[in-house]
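Here is the structure we will look at.
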Amino acid sequence: MTVWDILRLRIAGPATIVRFLAYLPHFLRLFYRLMNDGRVSLLTKAVPVLGLLLLLSPPFVRLGLIPIVGQLDAILVIALALKLFVWLCPPDVVREHVAQIAHGA
């Protein structure tokens, strides 16, 4: 499932959800490795932190009280922040960590 699927409000089928859940631990491992890698700039590492701060800001917390819309906003902010973080990381560093994760390291 991509961010664009969420924006288009496309309902994901069971196969898509299962694939997403299967790759989620790998993505979380990649995220953790990139956050701890010294080759990734501090500015890039600030992107997920700023996304989290946005989720905790008072106007956003008030939006969370609206059923469905508040939860979709939070999912969208998290997805965009994490996607932007990985996109801003140096590609060779991302490839290196993905290869290590794929080989079980």
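The values are calculated or read from the model by the stated rules, or taken from the named source; none is laboratory data. Not measured: the values here are computed from a predicted model. Backbone-built Cβ (ideal geometry, glycine too); neighbour counts: all protein chains shown.
The set of residues in the stretch 82-101 that are modelled with pLDDT under 90 and surrounded by 16 or more Cβ atoms within 10 Å (Cβ to Cβ) contains only 82. Checked against (1) loosely packed, with under 11 Cβ neighbours inside 10 Å; (2) at pLDDT 75 or above; (3) part of a loop (DSSP other than H, G, I, E, B), residue 11 passes all but a single condition, namely (2).
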